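Have a look at the structure below before the remarks.
The values are calculated or read from the model by the stated rules, or taken from the named source; none is laboratory data. As the structure is a computational prediction, the values presented were derived from the model and not from experiment. Don't worry about glycine lacking a Cβ; one is built from the backbone with ideal geometry, like all the others, and counts go over all protein chains shown. Accessible surface is based on the protein model in full, side chains and every heavy atom, while ligands, DNA and RNA are left aside. Shrake-Rupley method; radii C 1.70, N 1.55, O 1.52, S 1.80 Å.
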Amino acid sequence: MKLLRLLVVLFSVPMFAQQGGMWIPSLLNGMNETEMTNLGMKMSIEDIYSVNQSSLKDAVPQFNGGCTSEVISPNGLLLTNHHCGYGEIQAHSSVEHDYLQDGFWAKSYAEELPNEDLEVTFIVSINDVTKEVLAGVDALKSEADKKALIQKNISNLQKTYKREDWQNVMIRTFYEGNQYMLFVTESFEDVRLVGAPPSSIGKFGSDTDNWVWPRHTGDFALFRIYADKNNRPAKYSKDNVPYQPKHFLPVSLDGIEQDDFTMVFGYPGRTQEYLPSYAVEQIVEVLNPAKIGIRDAALKVTDGYMRQDQAIKIQYASKFASTANYWKKWIGESQGLKKSNAVATKKAYEADFTNKVNKAGKQAEYGNLLPQFEKLYKEITPYALANDYFQESLRNDELISIGFRLYQLENAYKQNGEQSFNDRKANLIKGFEALYKDYNKNVDKDVFEKVIELYGKNAPADLTPAVIKNIDYTKLTNTIYAKTVLTSYDGIKALLNGNATEVINKMNQDPGFKLVKDLADNYFDKVAPKYQELNTEIAALQRTYMKAQLEMNPDARIFPDANSTLRVTYGKVNGYAPKDAVTYDYVTYLDGVMEKYVPGDYEFDVPQKLIDLYNTNDFGVYADKNGKLPVNFIGTNHTTGGNSGSPALDAEGNLIGLNFDRVWEGTMSDIYYDPAICRNIMVDARYILFVIDKYADAKHLIEEMKIVYPKQASKDKELKDNKLKKVKKNKKK
Ligand code: ARG
Ligand code: GLU
């Protein structure tokens, strides 16, 4: 027993260090394969990615550009998060049938709901094209020339690379311009809504529980991919048929236990793991606080109104959720970076890097990198801050964002003439109709005052327009809102009526527009040019720094930052201890849903049917071995935004969960991954099946899946092991 514990300690220390990373599925050979096998994986890497035979990647399309999804039946049934399908569920909802509130379940193919502008994209193959993209680039001196040649090489490849008619070619950079990969893809545009739980399951806990563990959310929705008669991508048609995938994921009822192998396969959006300490310092000390400050103010105002007025609540629910999501993430990120001493750790790493550069005699090439970074980050800080104030004001206040669209309209006229003005105007009027449906002048006015005050007082003085400096913010706000016509659809339609000269004349007399024009002119004169110039220099430096880090640490686990391409991340089921005397278990149960239940509350209400199922213990085959119904679990997989909807797979490649979030203490993993506290949050597959089967009574959906029952799983495993033994024996012969 003692020996066992010693062994566990000995082996778990280095194993623990080998966590994190988002790896390219076509390059798992070697180190990743070994680590995954050590963690308990029973598949081969050919099972995950193969060009010649069907593999897991054939079941995992990107969902609408920003999320991940997976095929879970031979008939193209697709699983993703409720929050990824939120827009579609909302679009099909009305007062008579509110699918957000009550859920939706198609009883047959005929009842499945088509969606405009929804597509899913599969990866057919991944190919290294670094040589082709960088051909001739080294010979060039200026950054601009290099950029232009790279762009040219890329578009050449895009035109000439061999692919089928219905396929696309996409090229992305890895390691900040040190590697280029080409993806052949297939996009399906007929994707229909099949099922969604009510928000009281799919969004249970809402913003209060967002980014937080322990969690109890059934964050899933079902869609179906349709194809033409040849099983190829096609625009929506009633003649289309359910897509027959090259591979679909079996769903396992086996459940999870401490330390079980898990793998998450999906499309992480963006990470910045290789920034110098100066950049991290800037994020923690300067940029995050500014962005959090603006959103904090905007959210407080909006929340006050939403709580008082049901109509405003509906108008602002979706905007509020999306603003709150990253507001909350940045707060967690800053706290985590501070708590894990990310800056100090980076500084130590940089000292070590400098040592290695010196030892290797590479001072001429790499010796100047860090001092250069220090200088550039110092220089860019005021511009970055001014940039964030401008962008966040634009994003958080509606009058400013409406005014900015008019500003672009005026520019379109100045630069491209009347025709371009008219086209843009027509589009704007169309878009404004929807915008003003969800617009409330009082909310906007109060948000405006708060946002402008923060901007005027806290952005660097010499980069801020005089009109919002050292003034009475209430007075400015009252003056503008008394006169501006940008606060109603009728007002703006009247403003936009007439030819370009007339409209532009009217616009320039509107006090709301005039203020936004002052802000925007100031931004494009004083902030944007210098900000972009410095950013280009930093990006070039970062490319060399990345190359140097790879070169100085040839054996290190250096994965390329996320870039919305398909990645594998792996780890194990595990709880964590975020602070003194606090330890979190790795799984939550339906009991926890009931503990959080607040009747009638907009975040923590529970549907009556779920309460009934709980009270009668009616969990069917979905309970764990102690008779409890698992809801969510966590693991050490390194994920980020875009991994929403990613499948969590077991050692054999069966679906055991659905990724949807990260824990509060670990949200800094986009910048600095700390294996001690970074965890991803998944819905347990058993909860998903339970909701479909017992709650929604949609048994026909369960029937089209391949369910791996616990006994079956061990039998399958035995079979596989025996086969392996046989193969080995045969090989020996
Ligand atoms: N935090 C998760 C993500 O980044 C879930 C967001 C869902 N939205 C919400 N406000 N609860 O997307
Ligand atoms: N909810 C996020 C998404 O929409 C995933 C959570 C994360 O950022 O890790 O992609």
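Every residue, every condition in (1) closer than 24 Å to Asn240 by Cβ; (2) open to solvent by 20 Å² or more (accessible area, probe 1.4 Å), yes or no:
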{"position": "Val133", "(1), (2)": "no, no"}
{"position": "Arg172", "(1), (2)": "no, yes"}
{"position": "Asn178", "(1), (2)": "no, yes"}
{"position": "Thr185", "(1), (2)": "yes, no"}
Inside the range 320-343, can you point out the residues that are of a type in the set (Lys, Arg), more than 15 Å from ligand 2 (Cβ to nearest atom) and either without any contact (Cβ under 8 Å) to a residue 60 or more places away in the chain or open to solvent by less than 30 Å² (accessible area, probe 1.4 Å) (or both)? Lys338
For the range 435-445, name all the residues that are open to solvent by less than 60 Å² (accessible area, probe 1.4 Å) and in a helix (DSSP H, G or I). Leu435, Tyr436, Val443, Asp444, Lys445
Using beta carbons and a limit of 7 Å, which pairs, at least six apart or on different chains, have the first residue in the range 551-577 and surrounded by fewer than 17 Cβ atoms within 10 Å (Cβ to Cβ) and basic (Lys, Arg) and the second one assigned to a loop (DSSP other than H, G, I, E, B) and modelled with pLDDT under 95? Arg557/Gln18
When the range 50-67 is examined, which residues are found to be away from ligand 2 (no atom under 16 Å from the Cβ) and either under 23 Å from Pro242 (Cβ atoms) or open to solvent by 20 Å² or more (accessible area, probe 1.4 Å) (or both)? Val51, Asn52, Gln53, Ser54, Ser55, Leu56, Lys57, Asp58, Ala59
Scanning the range 68-91 for residues that are within 13 Å of ligand 1 (Cβ to nearest atom) and not in a helix (DSSP H, G or I), the one most open to solvent (accessible area, probe 1.4 Å) turns out to be His83
Can you work out which of the residues in the range 446-492 that are more than 30 Å from Ala426 (Cβ to Cβ) and among the basic types (Lys, Arg) is surrounded by the most Cβ atoms within 10 Å (Cβ to Cβ)? Lys450
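Residue-wise test of (1) at pLDDT 95 or above; (2) away from ligand 2 (no atom under 16 Å from the Cβ); (3) on the phi > 0 side of the Ramachandran plot.
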{"residue": "Ser187", "(1), (2), (3)": "yes, yes, no"}
{"residue": "Val191", "(1), (2), (3)": "yes, yes, no"}
{"residue": "Ser199", "(1), (2), (3)": "yes, no, no"}
{"residue": "Phe204", "(1), (2), (3)": "yes, no, no"}
{"residue": "Trp211", "(1), (2), (3)": "yes, no, yes"}
{"residue": "Arg215", "(1), (2), (3)": "yes, no, no"}
{"residue": "Asp219", "(1), (2), (3)": "yes, no, no"}
{"residue": "Leu222", "(1), (2), (3)": "yes, yes, no"}
{"residue": "Tyr226", "(1), (2), (3)": "yes, yes, no"}
Any residue that is in contact with a Ser or Thr (Cβ under 7 Å, 6 or more places away or on another chain), among the small types (Gly, Ala, Ser), within 24 Å of Lys628 (Cα to Cα) and more than 16 Å from ligand 1 (Cβ to nearest atom) - is there at least one of those in the range 646-657? no
Of the residues in the range 606-655, those that are open to solvent by 50 Å² or more (accessible area, probe 1.4 Å), assigned to a loop (DSSP other than H, G, I, E, B) and farther than 20 Å from Gly255 by Cα come to Thr616
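Out of curiosity, is Leu275 buried (at least 18 other Cβ atoms within 10 Å of the Cβ), within 23 Å of Arg679 (Cβ to Cβ), at pLDDT 95 or above and away from ligand 1 (no atom under 16 Å from the Cβ)?
Yes, satisfied.
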Only unsatisfied item for Thr121, checking (1) open to solvent by less than 40 Å² (accessible area, probe 1.4 Å); (2) over 21 Å from Gln244 (Cα atoms), is (2)
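Just to confirm my filter: which strands (runs of 3 or more DSSP E) fall fully inside the range 96-202 and include at least 3 residues that are of a type in the set (Phe, Trp, Tyr)?
Result: 179-188.
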Quick check on the range 357-377. Is at least one of its residues under 21 Å from Val451 (Cα atoms) and either open to solvent by less than 50 Å² (accessible area, probe 1.4 Å) or modelled with pLDDT of 95 or more (or both)? no
Filtered residues of the range 329-356 (kept if basic (Lys, Arg) and either at pLDDT 95 or above or within 12 Å of Glu281 (Cβ to Cβ) (or both)): Lys329, Lys338, Lys346, Lys347, Lys356
Kindly check whether there is at least one residue in the range 586-605 that is at pLDDT below 95, of a type in the set (Phe, Trp, Tyr) and part of a loop (DSSP other than H, G, I, E, B). yes
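Residues are listed down the side, and each one gets a yes or a no for (1) under 17 Å from the mean Cα position of the chain (by Cα); (2) touching a residue at least 40 places away in the same chain (Cβ under 8 Å):
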position	(1), (2)
Glu273	yes, yes
Ile283	no, yes
Leu299	no, no
Asp303	no, no
Gln315	no, yes
Ser318	yes, yes
